[in-house]
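Notes for the one structure printed next.
The values are calculated or read from the model by the stated rules, or taken from the named source; none is laboratory data. Everything quoted here is computed from the prediction, not taken from an experiment. So basically every Cβ, Gly included, is an ideal-geometry build from the backbone, and we count neighbours across all protein chains shown.
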């Protein structure tokens, strides 16, 4: 105990205090800087833009949070997302073609996609949990497989002819206000020329966020979450404590694919299409978000809420740079730099950073 | 008197190699037995048959007078045989009480149907068992990684005791510890002994073994080469048994 108190003094102490909370300050700093130099950034429109872009990265990062805490990594999430966007689009178009009504086609299409979408995760889990294939290899293979199948299904193009209703749901907002006239929920009302429509909270963001809240709770407060941390901390200890590690790993990778699948369905609803590579750019982003959130590639650490902060650091950066007129490539460079920065903090942070739960 | 654990003619082969050959030993409640031998003497293999990691190719195991088949580590735990491994089997990223309850978490219901971890209960119960063993740890909410080697050992031991261990097998319990901490762990061993728990200690540190054990069992090349009550022997004799410098009939 003595050495802990000594180390709390001076610069070291400051770093220690700042250490596991730096991402919160970083996010606030971004908000302040972009609000000053880019008018309109901190406006309803600006916020809506960020929230509209958020579901993919939020869900993929949620997937990586669980996986990385167990000491693994899932490289397949981006293309499982693309795969699901293609499968769901294809199914819905087929059902509509069979004469089913639009709403029913969309619902059944989504349900079937959810079932198919967890298959890559199940296979990853079997390979990693049962056959001890390194996660990098197993999920990298799955990346190729899902990418290939998606491209075959859409013959190198993209899935089209989805019913308009899909886009209405996908681009709708939870609250829609026409000032002085109506308030509606989920779907935008028709507006006349000259009328202003205020939209608050995109539907798809709300759905993603419900998953975030639920699984943050699962990770933090349940036996499942506790075992996830234990496996990442010391897999032998977990086995000796009687935890069914093989099955747990399978469940973790299935969850990961489930979140990626939901991201794919959300993409399909939002852009009214299915694209094989729709999730490609989010792979790096989601892993970076998790690492910014204090997770370690060695496993055992990480939290859903800190991952969410990591996601918004990237989303704000993206939107801020875009509004200032920089090409997207700057974002990639900066995200790469932030990843290195975050990993260095992890490397050099004394264990004391993680003193208490 | 009935033995807590009785091993009769246990044999374990790995291919052509006989790792444990026809070894018998027994231990009573509240007795500390030191299991000694050089590397490769078969101590670990013998112990792993008791903790359910290996299955004997021959011989019988009796626990509290009844023959038992220990076919898994879970089975060993369920009848009250706990093994503390050298690397402690603790998840360093979790706190002390979470480790004590790892795999057997106490849950409580919220909203009548959702099971969540009952942190307060686990914290309180862990505190009780640590108090009973007179173990001091700054905070049970601290992650294991900030605890010293001795404190970690104490947490691992508390965990066994909390889950009602009747027989505790300790593999090199003092190997990675400083002198003061070694002493504390040995005191803890005596404390457990006084509470009626049978303890088998595997150690290379003769001093440690001599300071706590009642009896020594010495193995060499898979065979039991000697058994001594602690007051009837001395370190020199034990060393010569371990290295085989002296032929002694059992």
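Data table
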| item | result |
| --- | --- |
| Residue within region A:314-326 that is in contact with a helix residue (DSSP H, G or I) (Cβ under 9 Å, 6 or more places away or on another chain), within 27 Å of residue A:32 (Cβ to Cβ), within 14 Å of chain B (Cβ to nearest Cβ) and in contact (Cβ under 8 Å) with a residue 40 or more places away in the chain present | no |
| Among (1) in contact with a strand residue (DSSP E or B) (Cβ under 6 Å, 6 or more places away or on another chain); (2) closer than 30 Å to residue B:231 by Cβ, the one test that residue B:11 misses | (2) |
| Test: residue B:30 is in a loop (DSSP other than H, G, I, E, B), within 14 Å of chain A (Cβ to nearest Cβ) and touching a helix residue (DSSP H, G or I) at 6+ places or on another chain (Cβ under 8 Å) | no |
| Matching residues, region A:250-275, being surrounded by 24 or more Cβ atoms within 10 Å (Cβ to Cβ) and under 19 Å from residue A:137 (Cα atoms) | A:252, A:253, A:256, A:257, A:260 |
| The listed residue being away from chain B (no Cβ under 14 Å), modelled with pLDDT of 85 or more and more than 15 Å from residue A:321 (Cβ to Cβ), out of A:37, A:24, A:33 | A:24 |
| Matching residues, region A:220-248, being in contact (Cβ under 8 Å) with a residue 60 or more places away in the chain and surrounded by fewer than 21 Cβ atoms within 10 Å (Cβ to Cβ) | A:220, A:235, A:245, A:246, A:247, A:248 |
| Unique residue being surrounded by fewer than 20 Cβ atoms within 10 Å (Cβ to Cβ), under 27 Å from residue A:54 (Cβ atoms) and at pLDDT below 90 when the list is A:114, A:165, A:197, A:174 | A:197 |
| Residue count for region B:50-81, restricted to those that are in contact (Cβ under 8 Å) with a residue 12 or more places away in the chain and either in a loop (DSSP other than H, G, I, E, B) or touching a helix residue (DSSP H, G or I) at 6+ places or on another chain (Cβ under 8 Å) (or both) | 19 |
| Output for region B:214-224, where each listed residue is under 18 Å from residue B:44 (Cβ atoms) and outside any strand (DSSP E or B) | B:221, B:222 |
| Residue B:90 at the interface with chain A (Cβ under 10 Å from one of its Cβ atoms), under 25 Å from residue A:245 (Cβ atoms) and out of contact with any strand residue (DSSP E or B) (no Cβ under 8 Å at 6 or more places or on another chain) | yes |
| Failed criterion for residue B:125 (all others in (1) closer than 20 Å to residue A:238 by Cβ; (2) in contact (Cβ under 8 Å) with a residue 24 or more places away in the chain; (3) surrounded by fewer than 20 Cβ atoms within 10 Å (Cβ to Cβ) hold) | (1) |
| Complete set of residues in region A:172-183 that are in contact with a helix residue (DSSP H, G or I) (Cβ under 9 Å, 6 or more places away or on another chain) and assigned to a strand (DSSP E or B) | A:173, A:174 |
| All positions within region B:98-109 that are more than 9 Å from chain A (Cβ to nearest Cβ) and either over 20 Å from the mean Cα position of the chain (by Cα) or loosely packed, with under 14 Cβ neighbours inside 10 Å (or both) | B:106, B:108, B:109 |
| Any chance residue B:136 is more than 10 Å from every other protein chain (Cβ to nearest Cβ), at negative phi and at pLDDT 90 or above | no |
| Of the criteria (1) at pLDDT 90 or above; (2) within 10 Å of chain A (Cβ to nearest Cβ); (3) over 23 Å from the mean Cα position of the chain (by Cα), which one residue B:121 fails | (2) |
| Within region A:276-293, tally of residues that are surrounded by fewer than 23 Cβ atoms within 10 Å (Cβ to Cβ) and at pLDDT 95 or above | 0 |
| Matching residues, region B:60-84, being surrounded by 20 or more Cβ atoms within 10 Å (Cβ to Cβ) and within 11 Å of another protein chain (Cβ to nearest Cβ) | B:76, B:77, B:82, B:83, B:84 |
| Condition met for residue B:168 (more than 13 Å from chain A (Cβ to nearest Cβ) and part of a helix (DSSP H, G or I)) | no |
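Quick grid of which residues meet (1) modelled with pLDDT of 95 or more; (2) more than 14 Å from chain B (Cβ to nearest Cβ); (3) surrounded by fewer than 24 Cβ atoms within 10 Å (Cβ to Cβ):
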residue	(1), (2), (3)
A:3	no, no, yes
A:10	no, yes, yes
A:16	no, no, yes
A:20	no, no, yes
A:29	no, yes, yes
A:76	yes, yes, no
A:89	yes, yes, no
